[in-house]
Amino acid sequence: MGRPAKHSADDLIDAAIEIFAAHGIRAVTLGAVAEATGASNGSVYHRFPDRPSLLAQMWLRTSRRFQDAYRTRLGEPTIERGIATAAWVVDWCRDNPAQTQVLAAGARTFNPDEWPESAQTGDDIEQVVRAYGRDVITALAPHTRATPDQILFALLELPIAVVRRALQSGHTPGEREEELIRGLAEVILRQPG
């Protein structure tokens, strides 16, 4: 029986995300992750045979964690929960600054065309998001005059755009961004049905 791993795959992904947030995509190498964690190169390569495998897991894990937290927060969709959840995105970003950098950069930054086939198949995140979006629209549409596009914009695209703007101007999203999202989401979603 082998000895237990000193560094889990999650530890290595966490280090890669921190490197990305501090230094950008070019700095994310298997060697840099090994150095940051104190893991041997062999340990890193055992979990991630190449850089595209690591980049894929950085994006996929971050995206899934955000989606899971978002769904949990929204629960059974209502207008009130939708507005609160849209504003909550700022809290998540404050609590997860490095992961926020990953999401704000977008999947294309992580070169999905180079990912191993195993990362490109299965539950396609875009399809999962679209299906969830349809479910949310179905739940909220009877309670608002907002169009399906407006509902999705208020719940997801608006918070992401506001957070991205804050990050691009060099500051962490805060109360100002939270209130901006809340106010605009209310205007969009509180149109009586």
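In summary, helices (runs of 4 or more DSSP H) completely within segment 23-94 and bearing 1 or more residues that are modelled with pLDDT of 95 or more and under 22 Å from Ala105 (Cα atoms) occur at 30-37, 51-74.
Being modelled with pLDDT under 95 and assigned to a helix (DSSP H, G or I): is that true of Gln99 here? Step through it out loud before you land on a result.
Values: modelled with pLDDT under 95: no; assigned to a helix (DSSP H, G or I): yes.
Spelling it out, it is not the case that Gln99 is modelled with pLDDT under 95 and assigned to a helix (DSSP H, G or I).
Assigned to a helix (DSSP H, G or I), more than 13 Å from the chain's Cα centre (by Cα), exposed (fewer than 13 other Cβ atoms within 10 Å of the Cβ) and in contact (Cβ under 8 Å) with a residue 24 or more places away in the chain - does that describe any residue in segment 140-153? Within segment 140-153, one or more residues are assigned to a helix (DSSP H, G or I), more than 13 Å from the chain's Cα centre (by Cα), exposed (fewer than 13 other Cβ atoms within 10 Å of the Cβ) and in contact (Cβ under 8 Å) with a residue 24 or more places away in the chain.
Kindly indicate the residue of segment 154-193 that is among the polar types (S, T, N, Q) and closer than 22 Å to Leu103 by Cα and also surrounded by the fewest Cβ atoms within 10 Å (Cβ to Cβ) among those meeting that condition. Give the derivation first.
Pass one, segment 154-193, residues among the polar types (S, T, N, Q): 168-169, 172, 191.
In the following step, the residues that additionally are closer than 22 Å to Leu103 by Cα were identified as 168-169, 172.
Working: Gln168: 9, Ser169: 7, Thr172: 13.
Ranking the qualifying residues of segment 154-193, first place goes to Ser169.
Restricting attention to segment 32-48, the residues being without any contact (Cβ under 8 Å) to a residue 12 or more places away in the chain, surrounded by fewer than 19 Cβ atoms within 10 Å (Cβ to Cβ) and within 25 Å of the chain's Cα centre (by Cα) number 0.
The values are calculated or read from the model by the stated rules, or taken from the named source; none is laboratory data. Note that the structure is a prediction, hence the values are computed from the model and not measured. Backbone-built Cβ (ideal geometry, glycine too); neighbour counts: all protein chains shown.
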